[in-house]
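Reading through the structure tokens given below for one structure.
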């Protein structure tokens, strides 16, 4: 199995889906036994049994706590959605929209969530005065890159985004900004040695791997910034509270 397929196979979302499928025969057997015993089990009751079994299986597989709630509620939510009798094309349309926005979130465990103006101001204050190359890994709609490109015309700012729709919107928004660029792809394929500052607003699940990559590739004098999420194995060299509050901004010098 190729490394890309192996990463997909090991993704928590794939594990959760497989656990739901594995619990279906057991749910069917339990419902059949309860009905034979005279119990009054309707579709909602069967969905609840399926959710409890899938949640227990997820606990056994040591999935994160939020997956237990998702596994518990998923069968009930699916049953409720079917009860609305919505047109089938609507489900397909919603699926395609979510696919374009979130794309490989199931694998990367990095959801789309914008950093915001407070974080942008804090990052801008930390940038060296000299011309530099900056990369935002997981750039979303490109707000940070466009903001910094407008403030610092002497430098080059790049964003990399895996999801197609945010990447397209970023490209469109960057028209007329010669020092702002957006590429579509996985930041794991980048060589961080090409950048003076690397900014990340990802998730706790990937921070250790991100720091390992940064340590192997970033040049002396460069800076790694992470908004909200720290690295458990490495104390940050700087910790900034953005003006107006919000999450902390962490930094590591190389």
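Taken together, the values in this text are just the output of simple stated rules run on the coordinates, not laboratory data. Note that the structure is a prediction, hence the values are computed from the model and not measured. As a convention, Cβ positions derive from the backbone with ideal geometry for all residues, glycine included, and neighbour counts pool all protein chains shown.
Annotation for residue 237 and residue 40: the two label points, set 7 Å from Cα along the Cα-Cβ direction, are 6.9 nm apart.
For the range 3-85, the C-alpha radius of gyration divided by 2.2 N^0.38 Å, with N the number of residues, is 1.21.
Among 161, 188, which comes first, second and so on when ranked by fewest other beta-carbon atoms within 10 Å? Don't skip to the answer; put the middle values down first.
Values: 161 28, 188 14.
The fewest-first ordering by Cβ neighbours comes to 188, 161.
Footprinting exposure proxy ranking of 158, 230, fewest other C-beta atoms within 10 angstrom first, gives 230, 158.
What shape does the range 182-243 have by the C-alpha gyration tensor, where a ≥ b ≥ c are the square roots of the eigenvalues, rounded means a/c under 1.5, and otherwise prolate means a/b greater than b/c and oblate the rest?
Values: a/c = 1.43, a/b = 1.31, b/c = 1.09.
Rounded, because the longest to shortest axis ratio a/c is under 1.5.
Of all alpha-carbon pairs in the range 117-253, indicate the percentage at a distance above 23 angstrom.
Details: 2572 of 9316 pairs.
Counting pairs separated by more than 23 Å, the tail of P(r) holds 28 percent.
Judged by the gyration tensor of its Cα atoms, with axes a ≥ b ≥ c, the range 129-206 is oblate; a/c meets the 1.5 cut and b/c is at least as large as a/b.
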